[in-house]
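Reading through the structure tokens given below for one structure.
The values are calculated or read from the model by the stated rules, or taken from the named source; none is laboratory data. Only a predicted model underlies this, so the values are computations on that prediction, with no experimental measurement involved. Here the Cβ is made from the backbone with ideal geometry for all residues, glycine too, and neighbour counts use every protein chain on show.
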Amino acid sequence: MNYFPDEVVEHVFDFITSHKDRNSVSLVCKSWYKIERYSRQRVFIGNCYSITPQRLIARFPGLKSLTLKGKPHFADFNLVPHDWGGFVDPWIKALAKSRIGLEELRLKRMVVSDDSLELLSKSFPNFKSLVLVSCEGFTTDGVAAIAANCRFLRELDLQENEVEDHRGHWLSCFPESCTSLVSLNFACLKGEINLASLERLVARSPNLKSLRLNRVVPLDTLQKLLMRAPQLVDLGIGSYVDDPSSEVFSKLKAVIQLCNSIRSLSGFLEVAPCCMSAIYPICENLTFLNLSYAPGLQGNDLTKLVQHCRKLQRLWILDCIGDKGLGVVASTCKELQELRVFPSDPFDAGNAAVTEEGLVLISAGCPKLNSLLYFCHQMTNAALITVAKNCTNFIRFRLCILDPVKADPVTNQPLDEGFGAIVRSNKSLKRLSLSGLLTDQVFLYIGMYAKRLEMLSIAFAGDSNKGMLYVLNGCKKLRKLEIRDCPFGDVALLEDMGKYETMRSLWMSSCEVTLGACKTLAKKMPSLNVEIINESEQLEFSLDDRLLVDKMYLYRTLVGHRKDKPEYVLLL
Amino acid sequence: MEVGLKMTMKGGGGDHVGGCDKEKMGFEETELRLGLPGGGGDGEVVRKRGFSETVDLKLNLSSKQDTSGIDPNDEKVKGLHQEKNLLLSAIDPAKPPAKAQVVGWPPVRSFRKNMLATTTQKSSSEESGEKAALVKVSMDGAPYLRKVDLRMYTSYHQLSDALAKMFSSFTIGNCGSQGIKDFMNESKLMDLLNGSDYVPTYEDKDGDWMLVGDVPWEMFVESCKRLRIMKGTEAIGLGHTKSCGEMQEEKLKEVGVVNRATCSFDLVGRLLHACTSSSSSSSCDEKLLQSQQMDAWMDGAVWLCYYY
């Protein structure tokens, strides 16, 4: 390849789109490194503290699209205190000062302020796409700035963010000249919006393909919107409540028949089950159905709906569908690849909605299943072994038994053998979450068989350091390991310190790691940031190295200690 | 938790300035934990795994604690463990802890939990018309409370019958079930209020304590949150005479009155206690209460007096 001029090599690199491949390409030789960095447009940074914005800008002057992730995954479950970090502000400031022509920004678990959003909206004339997932810290004023100032905005996608809603006017901030919208998702906003503005916006957006509404958008507005945008591919319904005998409802039924491009359906944040029949005509073509925010639909409503969805590839649903309902899914949705079953009431064990039976039925009926997130009340080894026989294509397997450390109810054994079977037969497994009663044995299986595993989540499992060691030694491709409430301690942590440089991050909370061990690790591995999160009232950390650390988060970094840490974080 | 706090404070006093020098003591003093106070001479470490302790309690996994730096033969440690287990079992006697106590479990995003909670709340409030209207009923002097479903009855008369039956075993003095029935009858109310008999009262949606019988039955069922059968003498402040209320008002003005929005019943109770024992009011650091709020607020304060 050295015989070719740079332009030719660059052209070849244009076909290499995956981040991993691009990263690999850049390591081949200096010349390729140089060519690759000038031609790179999309950069993914899995941990915003692993690099600084200045270095990013210096290396990739042609950057157009940036993806950043902030807080550790367990922040989703309130294990990371407020103000821990993950601020996007320094990134936007640095990019704004530079000559980077940013067009796309995707953030996950980051803290975003209205000022940042305003600066973003004013600094990049070609800005096209903003996707915020599980972020917080901003209000609808920030959203308004994006709407008002990004003249060529194509995508505004707000997924599951905590947004302070100042009501309504942000939608009206889209100028009349804005006709470029392709995707608009504001389902997570709680407040009122100007419905007339919304209708006008949709009417002047001929390229609109994806529209997800929030709960205040009523059914009659939905009907009007669908009239204007029958070309929609992805629809998120806000409020779906009306009298089935009303004229508005008949109009809705009629217009839905025209929306034969819809492949993805979600929302139903408020729903009257009797109105669901209007949806049936579009069910035939659906590939993605998300009813996980629709607790108003009971098991049989769900089942009736699903029976029409023969082409479904991804299904997100609440556990009120029940085992029987899952059986219907199994016999109807033969193309199913991804299933997520969420708990409708996380704290009520009385209503045993789905069990191992539902999962077995799914595995038997859906041979293409490769991604699973399943919250259930119980699981047996036998069921997992059956699932492992039926499905060998799992890439993601996340099982959450609601009662932590619950054993197999039939045999009273730990679930080691069941999970062992899963990892043995699914050689492509990249992500695994465990639950139930588990001993060190399951980790031996994981270390032996889960050779492609990249992310592992463990809670209330294992007996000793051996468990963690099996995983660290066996899973060569491990990138993210998160552990809570397990008896893993210093011996496991310090056995192979170099391993952590090959991983993005390690989280350990309520385990048996001491402060002394963390200090040792931090001292020996300067390329790691070892953070201790200490939420007690102490102002100075005790020098007692035997203190058990409550929460430790370590990650590899090229730029040393971060400057924005809160008081309760100790950087070793 | 409260027990633990008391114990650590007992050991350490208020001096944390020399924290560095007697660092082990300092750490143990300030550390919130369940265990013996002070005296951690060798600095054995006690884990503060409050939430997973609750799981441990349920599942007897406490054997896991005997690893990693703690010498299980150390008498002190054994003592600590026993102490811890005792304390834990004192908190939660025989039954397993509620699952909700385990932080971050099940691993459902808070956004999702909140969304589902809002949606379920809305739909259940729409349906509440059909559901049972269960309210707690307390009677002064009775050892335990009862619950009634107000939708089972269609009139005050029926309710009074039911209450009479429920509490007939607890009546003191000359009240009896007839006395309760009589209170439902407004014309007899004023006579009986001046006696030592019982008065049925209820707390409405706004948190105010009202006399039963004033509003139409349906309105009562909609707005009643709980019932209390008070001793007649205590009920005097409830919208009939203000003598008791006025006295309290004066006393409180001396003390320095409280902003209703921010005070808790506990605080109010303590203030009233301070009034009655004429102790110094220098610890009160609150804002003035609006006088029109005072009346409604005093209704609640009346029954607090009963406890203080």
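Summary table
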| quantity | calculated |
| --- | --- |
| Any hit, segment A:90-99, residues being free of Cβ contacts under 8 Å to residues at least 60 places away in the same chain and exposed (fewer than 15 other Cβ atoms within 10 Å of the Cβ) | yes |
| Meets criteria (among the hydroxyl-bearing types (Ser, Thr, Tyr) and touching a Cys at 6+ places or on another chain (Cβ under 8 Å)) for residue A:435 | yes |
| Residues of segment A:274-296 satisfying the condition of being within 11 Å of chain B (Cβ to nearest Cβ) and farther than 22 Å from residue A:371 by Cβ | A:295, A:296 |
| Single residue of segment A:443-490 satisfying the filter (more than 18 Å from residue A:556 (Cα to Cα) and of a type in the set (Lys, Arg)) that is surrounded by the fewest Cβ atoms within 10 Å (Cβ to Cβ) | A:451 |
| Complete set of residues in segment A:381-392 that are assigned to a loop (DSSP other than H, G, I, E, B) and of a type outside the set (A, V, I, L, M, F, W, C) | A:392 |
| Residue that is nearest to the other protein chains (Cβ to nearest Cβ) [pool: residues in segment A:69-87 that are without any contact (Cβ under 8 Å) to a residue 40 or more places away in the chain and farther than 15 Å from residue A:569 by Cα] | A:77 |
| Of all residues in segment A:491-507 being surrounded by 21 or more Cβ atoms within 10 Å (Cβ to Cβ) and within 14 Å of chain B (Cβ to nearest Cβ), the one that is nearest to residue B:104 (Cα to Cα) | A:507 |
| Residue in segment A:557-571 that is away from chain B (no Cβ under 11 Å) and closer than 28 Å to residue A:437 by Cα present | no |
| Total residues in segment A:442-465, condition of a type in the set (A, V, I, L, M, F, W, C) and either closer than 23 Å to residue A:79 by Cα or within 14 Å of chain B (Cβ to nearest Cβ) (or both) | 6 |
| Residue pairs meeting the criteria (Cβ under 8 Å; at least 6 apart or on separate chains; first at pLDDT 85 or above, in segment A:1-16; second of a type in the set (Asp, Glu)) | A:13/A:36 |
| Any chance residue A:485 is closer than 23 Å to residue A:522 by Cα and touching a helix residue (DSSP H, G or I) at 6+ places or on another chain (Cβ under 9 Å) | yes |
| For residue A:345: the one exception among (1) out of contact with any Pro (no Cβ under 8 Å at 6 or more places or on another chain); (2) buried (at least 23 other Cβ atoms within 10 Å of the Cβ); (3) within 14 Å of chain B (Cβ to nearest Cβ); (4) among the charged types (D, E, K, R) | (2) |
| Unmet requirement for residue A:446, which otherwise passes all of (1) hydrophobic (A, V, I, L, M, F, W, C); (2) under 22 Å from residue A:570 (Cα atoms); (3) out of contact with any Pro (no Cβ under 6 Å at 6 or more places or on another chain) | (2) |
| Boolean, residue A:71 is under 29 Å from residue A:167 (Cβ atoms) and over 23 Å from the mean Cα position of the chain (by Cα) | no |
| Residues that are among the hydrophobic types (A, V, I, L, M, F, W, C), assigned to a loop (DSSP other than H, G, I, E, B) and modelled with pLDDT under 90, drawn from segment A:550-572 | A:572 |
| Top-ranked residue of segment A:509-536 - restricted to ones that are crowded, with 23+ Cβ neighbours inside 10 Å and touching a residue at least 60 places away in the same chain (Cβ under 8 Å), ranked as nearest to the other protein chains (Cβ to nearest Cβ) | A:509 |
| Condition check for residue A:231: within 20 Å of residue A:285 (Cα to Cα) and in a loop (DSSP other than H, G, I, E, B) | yes |
| Of residues in segment A:236-281 being under 27 Å from residue B:116 (Cα atoms) and either charged (D, E, K, R) or in contact with a Ser or Thr (Cβ under 7 Å, 6 or more places away or on another chain) (or both), the one surrounded by the fewest Cβ atoms within 10 Å (Cβ to Cβ) | A:243 |
| Segment A:410-434, subset surrounded by fewer than 23 Cβ atoms within 10 Å (Cβ to Cβ) and within 14 Å of chain B (Cβ to nearest Cβ), residue farthest from the chain's Cα centre (by Cα) | A:412 |
| Residue within segment A:555-572 that is over 21 Å from residue A:111 (Cβ atoms), crowded, with 21+ Cβ neighbours inside 10 Å and in contact with a Leu (Cβ under 7 Å, 6 or more places away or on another chain) present | no |
